[in-house]
Every structure is written in structure tokens, then in C-alpha cells.
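Participant: Got a structure for you, written out below as C-alpha cells; questions coming shortly.
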Amino acid sequence: MELRHLRYFLALAEELHFGRAAQRLSMSQPPLSVAIQQLEASVGARLFLRNSKSVQLTAAGQALVPEARALLAQAHEALQHVRDVDLGQAGSLRIGFVGAMLYRGLPQMLQAFQASHPRLRLELRELSSAEQLAELARDRLDVGFAHTALVPPGLQHILVASQPLVACVPGTHPLAQRPDPARPIELAQLAGEPLALVSRDVSPDYHDRILALCAQAGWAPQVRHELRHWLSVVSLVSQGMGVALVPEALQRSGLAGAVFVPLTQDTPPYETRCLWRAQREGGTHTALAAFLEAVRGHVALLRPQLASTA
């Protein structure tokens, strides 16, 4: 049984006249008669009572009418879904992100993209930068937002955020109790303090970069706490358990008890990149191409900010 047989059957069931049904289908009557016979043979039941004067549905034919309509509607929906996927309007997109992106405009960008692609399912996974790179390599993510200065071979990238590092100290710390806590400090003023930072396994680039900054400032930090998320670092500092160097955007985290202090010296920019496998963009994944276009549009709006912090 073919879908065309069901279309022919419904036309004849509604017209109950071979000539009118054939005209409606833009075909001649003999092929229509053959198709109905083929359908009846496939179903194993007679669907029409016909003679030279009339055509009537049998009980089996009447039972097939709603089923045929449902099958044709389902086939139409399936084909439409395939076309929508091809156009990037349906399907799914697997997106990884680091928690700090929640304070760098990612939710607003995702909401705007979802509004213009309502049938596309966005699947979000909060992962460390190292985890995202591994998942992208295994093709378990379509796109990721990771903190990294080094882009592995085979990945394409868009720089979406560039920001300085700032000191994060507890609210009870002497540097937070100054008359002007927003006045920049020397990095060496943190010497001797227990340091909290993200672990090397999670973000190797910036773990090593922070240790190198401390060494350049003339002190070897006491690394007491290594955590998986920057928000965990800030939370630990807010509870008086150490100090940290964190991305400037975490000032928006709103965690009580944490005070953010700028540094007098320039620090290498803390960069966040949108990453994807080079071969995935374009015709093989239209939804990804549309999403990357939205990311580029978002970055274009932030370009003056990126330029001022780079």
C-alpha cells in the first residue's frame, strides 16, 4: 500500500464517482480504477460497491476513511518536520556553557533565539570548559561556551567575551573595609592569603594563568581550595575562607559577603569563546548555522565593550 493509494481512496470516498474523483486528482479514470483494486488487494477487503450507476462505500471502506485521513496527516507532518529541520526551524541543538555565562548575556541571547525558532529544542548543559572541549570532540555537543585561550584543532570559535580579572575578598577583609573599597589594589597585597581558584582539571588555561600572575607579582600563593565552578569560588570567598582572582562579570552574581576589587596592573584578558566543530556548520546542520549567526549578532552589539576590555 502506498500513500498515493490512500489519496486516491479518499478522493473516491468523498466523490463516490470515478469520473469526478479522477478529474479532482488530475488523472484519467482507468489508472484510478487500477489503484483502487491494488489498494483493496493490499487491505484484503472490498472497499467499494460499484456498478454502472453508483459507487458506495462498504463497511470496511467506511472504517478506512478516518484511518486514511490520519495516516496522510501524519505523513504530511513528518515531511514538514523534515523540511523544518533542513531549514533550521525544528530539531534540537545541544548547547554547553560555563556557569559564568549566566552573567554575560547568554540567557537573553537564548531567549531571543528561541522566540525566532519556537519549534527548535534547545538542550542546555552546564559543563566546565575542559568538559565542553571533550564533549565537542566526541560530538556530544553541537556548540559550547567555554573559557579558553587555546582553541584545539578541528574547532571553530567566536570570541564572545573578554574581561579582566579582579580580586575577590570577603566582606570582612581589610581590603573590603577601606573607605574606598573600589580603589584598585596591587596584586601583591593578597600575598600570604589562602587562595581559592578553579581546578586545573576544569580550566587548565586560567588555573595556570592565575598562578603565573601571582608569581609575577612576587609571591607564591597558598592554594588551599580548588573548585569546579567560578560561582563556587566566589561563594567560598564570601564565607571568609580565602581570596581569589575571578572574572569581572562575577560581580553580577549578587552573592552577599563577597567584595570585588580591581587591580592596578593589567591582567591577560579572561576570554570566553563560542566553540563548535568546523564540519558541523553549514548545510549539514542548518540550526547550528542559524544559532552561530545569532551569536555573531550578539557579539556585534557588544563589540565596543570587547574592544575596551581586550
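The values are calculated or read from the model by the stated rules, or taken from the named source; none is laboratory data. Predicted, not measured: the structure shown is a model, and the values here were computed from it. As a convention, Cβ positions derive from the backbone with ideal geometry for all residues, glycine included, and neighbour counts pool all protein chains shown.
Participant: In the range 71-85, is there at least one residue being within 22 Å of LEU275 (Cα to Cα) and of a type outside the set (Ser, Thr, Tyr)?
Facilitator: The answer is yes; a qualifying residue exists.
Participant: I need the full set of residues from the range 125-147 which are over 15 Å from GLY99 (Cβ atoms) and assigned to a loop (DSSP other than H, G, I, E, B), in order please.
Facilitator: Selection gives ARG138, ASP139, ARG140, LEU141, ASP142.
Participant: So which of ALA182, ALA167, ALA188 ends up being in contact with a Gly (Cβ under 9 Å, 6 or more places away or on another chain) and among the hydrophobic types (A, V, I, L, M, F, W, C)?
Facilitator: Answer to the selection: ALA188.
Participant: Still on this structure: Please indicate, with yes or no, whether at least one residue in the range 284-298 is among the charged types (D, E, K, R), farther than 18 Å from GLU126 by Cβ and either modelled with pLDDT under 90 or assigned by TED's automatic domain parsing to the domain that holds THR172 (or both).
Facilitator: No: zero hits.
Participant: From the list ALA220, ALA244, ALA289, exactly one residue is small (Gly, Ala, Ser) and in a helix (DSSP H, G or I). Which is it?
Facilitator: Result of the check over ALA220, ALA244, ALA289: ALA289.
Participant: Please list, ordered by residue number, the helices (runs of 4 or more DSSP H) wholly in the range 1-46 having 1 or more residues that are in contact (Cβ under 8 Å) with a residue 24 or more places away in the chain and in contact with a Ser or Thr (Cβ under 8 Å, 6 or more places away or on another chain).
Facilitator: So the answer is 3-15, 18-24.
Participant: List the number of the failed condition for VAL234; all other conditions in (1) assigned to a strand (DSSP E or B); (2) crowded, with 21+ Cβ neighbours inside 10 Å hold.
Facilitator: The single condition VAL234 does not satisfy is (1).
Participant: Filter the range 122-158 down to the residues that are within 24 Å of LEU301 (Cβ to Cβ) and touching an Asp or Glu at 6+ places or on another chain (Cβ under 6 Å) and list them by number.
Facilitator: Residues satisfying the conditions are THR148, ALA149.
Participant: So, in the range 226-266, exactly how many residues are in contact with a Gly (Cβ under 9 Å, 6 or more places away or on another chain) and under 14 Å from PRO184 (Cβ atoms)?
Facilitator: The qualifying residues number 1.
Participant: Looking only at the range 114-138, count how many residues are loosely packed, with under 15 Cβ neighbours inside 10 Å and at pLDDT below 90.
Facilitator: Looking only at that region, the number is 4.
Participant: Continuing with the same structure: Among SER203, SER253, SER199, SER235, which is without any contact (Cβ under 8 Å) to a residue 24 or more places away in the chain, under 36 Å from the mean Cα position of the chain (by Cα) and not assigned by TED's automatic domain parsing to the domain that holds GLU131?
Facilitator: SER235
Participant: Every residue in the range 170-198 that is part of a loop (DSSP other than H, G, I, E, B), over 16 Å from PHE260 (Cβ atoms) and among the β-branched types (Val, Ile, Thr), please.
Facilitator: Listed by number, the list is empty, since nothing qualifies.
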